[in-house]
Amino acid sequence: MSDAVWLVALLIAAAIPAGLYWRSRREVEDLSRRLDLSASQLQSLQLSFSRFAPDEVIERIIADEGNVKGDRVEVAVVFADLVGFTALSEEVEPDVLVGILNGYFERMSDAIAAHRGHVSKFIGDGILAFFGALSRNPWQCNDAAHAALAMQAALKEYNGELRREGLPSLRVGIGVHHGVGIAGLVGSRELMEFTIIGRTVNVAARVQDLTRRLDGDIIVTDALLEKLDPRFDSRPLPASTVKGVSEALQVYAVDGYSGVAPVEAAPISADSP
C-alpha cells in the first residue's frame, strides 16, 4: 500500500472518532436545552397551579402522581364576609367594584399568609381560610386569631386609601372556630380545589353571621378560646343559637392582643406564641 493510501486511511480513522465526538456533543447540548425548557415549563406550571392550591398540596400532587387522598385534620377555620356589600354593589360602577374587591382580597390574603394560614376559596365577597390543615401546627388557634386582627388592621389602612379616592369604606365580620375537618381535593375532572369540609367550616360561617347582630367584628367560639393565648383581649357575648347546631354556642369577641403581636409568624417551634 502506497504512502498516500496509508495517509488517507489514517485521516479517515482520525475523523471517525472526532465526528462521533462532535455529534455526541451536539446531542448532549440539545438534550440539555430540552431539560432546561422542561424545567422552566414545570416551574411555570407549578406557579400557575399555586394560584389554586397551596404549594404543599402541589408538591404532594406531583409526588403522588395526582392522587391526593382526603385527611381528617384538626384545624382552625376563619370565615370572613363583608358587611353590607350587596347594597354597595348596587351603588358603585362594576369596574370600580371589582377593583375595590380585588384590593380587599389581596390585603386579606397577605394577612392570612403572614400567619401560616391558607386561603381556601373566595365565596362572593367572603373568604374561607384554614390554619393547621397542611402540616402540624399546635399554635393554629393563635395564628388564626392573629390573622383575624391583622385582617382588621389591613382593612383599616385600606379604608383610608378608599376614602382618599372618594370611595366608600368596607366593614368585615370574621368568625373563627376550631375543630376537626376533612382536607382534600374536591371537585370534578374539569375543576378541583383544595379545601376543608365538615361541621367545623359550617360553624365558622354561622359564627361570622353573628357579627351582624352581636357587638363584635371578630367572634370566636369557646372551642377556639380555650386554646387561645390569654393575652388576647376577649369578652363574652350572649350565647347564641345558629343554624345547624342544636345547642346555643358560647361565643366571644376578640378586640386585640395585649402582647407583642407578630408582624409575621415565625417557623413553628415549641416556644411559638
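Please treat every number below as a calculation from the coordinates, not as lab data. Just so you know, these numbers come straight off a predicted model, no measurement behind them.
Could you go through the range 88-95 in sequence order and give the Karplus-derived ³J(HN,Hα) for each residue, using 6.51 cos²θ - 1.76 cosθ + 1.60 with θ = phi - 60°, rounded to whole Hz, and x for Gly and Pro?
4, 5, 8, 9, 10, 4, x, 5
Note the full-extension length gain between Arg231 and Ile197 as 0.36 nm times their separation in residues minus their Cα-Cα distance, in nm to one decimal. If you can, show how the numbers build up before the last one.
Values: separation 34, 0.36 × 34 = 12.24 nm, distance 3.03 nm.
Working it through step by step, the gained length comes to 9.2 nm.
Express the C-alpha Rg of the range 85-190 as a ratio against the empirical globular expectation 2.2 N^0.38 Å, rounded to two decimals.
The value comes to 1.20.
When every alpha-carbon pair in the range 70-257 is counted, what percent end up more than 26 Å apart? Could the numbers behind the result be given before it?
Working: 5290 of 17578 pairs.
Here the tail beyond 26 Å accounts for 30 percent of pairs.
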